[in-house]
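> Before we start, here is the structure in question, set down as structure tokens.
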Amino acid sequence: APAGQLWSSLGDLGRYAAFLADPDPGVLSPDTMREMATLQSGTPHTSPSHRQRTGSACTPSPAR
């Protein structure tokens with residue numbers, strides 16, 4: 001599996017997507033959700049984007 005050998009059912013993926021679309025702050029704080037959506041590896045100086053095997057790409061946002 002391209003997701004680090006993680007497996008899930010379609011129902012679980014749907015519940016996860018629904019949670020990401022409307023997160024419960026009692027489960028994950030807004031700060032944690034923001035951090036989860038922020039690029040965690042690489043820098044604009046090492047590579048402008050990193051292509052995943054799934055066909056998606058991670059492109060860093062401009063420095064703050």
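> In which sequence would L6, L20 go, from the one with the fewest C-beta neighbours within 10 Å to the one with the most?
In order of increasing Cβ crowding within 10 Å: L6, L20.
> A further question follows. Rank the residues T38, T32 as a footprinting-exposure proxy: fewest other Cβ atoms within 10 Å of their Cβ go first.
T38, T32
Every number in this text was worked out from the coordinates using simple rules, so none of it is lab data. Note that the structure is a prediction, hence the values are computed from the model and not measured. Methodologically, a virtual Cβ is constructed for each residue, glycine included, from the backbone with ideal geometry; neighbour enumeration extends over all protein chains shown.
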